[in-house]
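Engineer: Sharing a structure here in structure tokens format.
The values are calculated or read from the model by the stated rules, or taken from the named source; none is laboratory data. Remember, it's a predicted structure, so these values are computed and weren't measured experimentally. Heads up, the Cβs are rebuilt from the backbone with ideal geometry, glycines too, and the neighbour counts pull from every protein chain shown. Surface accessibility is based on the protein's heavy atoms, side chains included, excluding ligands, DNA and RNA. Shrake-Rupley method; radii C 1.70, N 1.55, O 1.52, S 1.80 Å.
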Amino acid sequence: MAIWHGLLFGMMLQLSVGPVCLAVLHRSMTRRLRDAFMMILGVALADAAYMGGAIGGLSLLLQIDWVKQMVLIIGALILTWFGIQTLRAIKGRGEQEQAPVQQAPSGRSSFWHGVLLTLANPLTVLFWAGVFGSLLASGTFVHSTELFLFATGCLLSTFLFLGLVALLAAYLARFFRPEWFNVFHGLSGVFLIGFAIVLFAKSGLKPPYWPF
């Protein structure tokens, strides 16, 4: 039952669309479906690392102000870089006549793209720290095996939800006109940069010339 509870909880969490979901959607529509699944594998690995860190007390380290601030700033910089790279994928009119799907050299870059994109969001480890901290404190799962099964269910929800997103995006890409991909690249890049600005704001760092 613990794995089932984890699966249901994870699915409810996945419904809040964030930069990872958008990135999987973008990768599936503009590259091969295999690349999208390799990215999902990287996302799940990073989630597993964050869950393990939350159980092991990594959240205590993030309670130190300067550590939390540094992590948020690094995450914002990584997301900004991803957003800029996405915007650079916008093609000119002459290039729009070419096939819209870009063939990646291998799935390795997609895998690490998923890992870095997930690790770049420090709010994830804070969320999992709260979830597993409350579970441990309340004694909901008496045995460590049940806690492990709950975490496994959460990871399965990542594979299930993002896998369905990738399949749907690959299907919809067949009906996209070449010029529509430029709009999609632009929206994806702006969203990633916007999320990076949110992380930077949460860090509390203000330049010397900040007016307020």
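Okay, residues lined up against (1) within 19 Å of Leu192 (Cβ to Cβ); (2) at pLDDT 75 or above:
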residue: Ile40; (1), (2): yes, yes
residue: Ala46; (1), (2): yes, yes
residue: Gly130; (1), (2): no, no
residue: Leu155; (1), (2): no, yes
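Engineer: Can you find a residue that is at pLDDT below 80, of a type in the set (Asp, Glu), on the phi < 0 side of the Ramachandran plot and in a helix (DSSP H, G or I) anywhere in the stretch 57-66?
Structural biologist: yes
Engineer: Within the stretch 22-31, is even one residue within 20 Å of Val165 (Cβ to Cβ), modelled with pLDDT of 75 or more and part of a loop (DSSP other than H, G, I, E, B)?
Structural biologist: Yes, there is a match, as at least one residue in the stretch 22-31 is within 20 Å of Val165 (Cβ to Cβ), modelled with pLDDT of 75 or more and part of a loop (DSSP other than H, G, I, E, B).
Engineer: Given the structure, is Leu72 open to solvent by less than 40 Å² (accessible area, probe 1.4 Å) and either closer than 16 Å to Ala129 by Cβ or among the hydroxyl-bearing types (Ser, Thr, Tyr) (or both)?
Structural biologist: Against the criterion (open to solvent by less than 40 Å² (accessible area, probe 1.4 Å) and either closer than 16 Å to Ala129 by Cβ or among the hydroxyl-bearing types (Ser, Thr, Tyr) (or both)), Leu72 qualifies.
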